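A quick write-up on the structure given underneath.
The values are calculated or read from the model by the stated rules, or taken from the named source; none is laboratory data. Because the structure is a prediction, the values reported are computed rather than measured. Glycine also receives a Cβ, built like all others from the backbone with ideal geometry; neighbour counts cover every protein chain displayed. For the accessible areas, the whole protein counts, side chains as well, though only heavy atoms, and no ligand, DNA or RNA atoms are used. Shrake-Rupley method; radii C 1.70, N 1.55, O 1.52, S 1.80 Å.
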Amino acid sequence: MLSVLFSVFVAFSACGQEIVVADSLAALTTQADSLAALTTQADSTTVEPQKKHKKTREEMSFWDKVYEEVKKFSRVDKRYIEPQHYNYTVMLQNTNTYESYTISDKAGHEIVLSPEPSFKFGPYIGWRWLVLGYTIDFSHLGDGHNKQDFDISLYSNQVGVDLFYRKTGNDYKIRRLTLGENMNTSTFRNVPFSGFNASIKGFNFYYIWNHNRFSYPAAFNQSTCQKISCGSPLIGIGYTQHKLNIDAVNLKNLIMSKLDIDMSAITVDTTLVATKVNYTDLSVSAGYAYNWVFAKDWLFAVSLSLALGHRRSTGDMEREKISLREFSFRNFNLDGVGRFGLVWNNTRWYAGMSTILHSYSYRKSHFSTNSVFGSVNIYFGLNFGDR
């Protein structure tokens, strides 16, 4: 009887355990279902982050409107232009400069003066659009030529700026001298002449009309890449100050020594042998630029502009001062600016060459001057530092 009771008790206990376990499993299942339901409910009721409300033009403040216009102004069509992918650049550059001055009078006498070209070499480092460097003039080391020049060109997609200052040294040579049909002046070719000095300073500012698809920086500061050939009209303004001076006594003595004649035997206008000219030039310009992508990573660029300038001059040759109130069409002259570039650029490495030429003319009834200066740059560089 006891064994039977024990067996029943054991069976009942086991059954109780089974019941307890079953109840526990059922409770856990119920809790899991509840959690799943809560999770489903949470998923279904999850609130997505609200997108920032974009203001309509009527809701924008004045400065918001200005900012939007600036953003629109600076956008580029990435089908045509590959933006810069790096923050920094390092570059080695060789710069060769050239300048020439021509002075003539109404009788047809003419003198052309220019120094030997300068050969410069040096490193550059840049951050985004700002590139700074220093070059050493190896062609005039220690010769005391006293030549000074300073050139900065800043290019963006929309605008460009040229800032320049040049002061000549005393290493000029006579390239050509014309004193009349019966005068053989071939002996003057390449004769040193220290009696000439000149200076020019000023700026050019220009706007690139089709800046969304045409890239000036791709050709002249390698910060972007032109992917498809494209061109753009250019408009701009410029301001320059010019000073020229020829030592009359020095030139007379040189002519007399080379021709072995009395200077009085030659009828030469004093505007040629005693020249001092100071004038300012305010101009407006228009032109066209084109980037030709002739192969992958290669670009050839041409940019030409003509400027209509109004001169205001004073000097010994004028014998009078001309003020801006004396505005006359006779004081207008044409100037020119040309830029040419050949570039290879795979966005990280780049190399190429560029040329910039400036031409300024000044004509009055009894004399005229023409000055040309420019530079040829050959460079090799590396971009680094991902944006």
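Points worth noting:
- Pair residue 344, residue 66: separation of 7 Å Cα→Cβ label points (nm): 4.6
- The candidates 62, 294, arranged from most to least accessible area with a 1.4 Å probe in the full protein assembly, appear as 62, 294.
- The length gained on full extension between residue 310 and residue 366, counted as 0.36 nm times the residue separation minus their Cα-Cα distance, comes to 18.4 nm.
- Separation in nanometres of the label points that stand 7 Å from Cα toward Cβ, at residue 187 and residue 241: 4.2
- On a per residue basis, segment 138-260 carries 48 Å² of accessible surface, using protein heavy atoms and a 1.4 Å probe.
- Ranking by accessible area, most exposed first, for 152, 255, 378 with a 1.4 Å probe: 378, 152, 255
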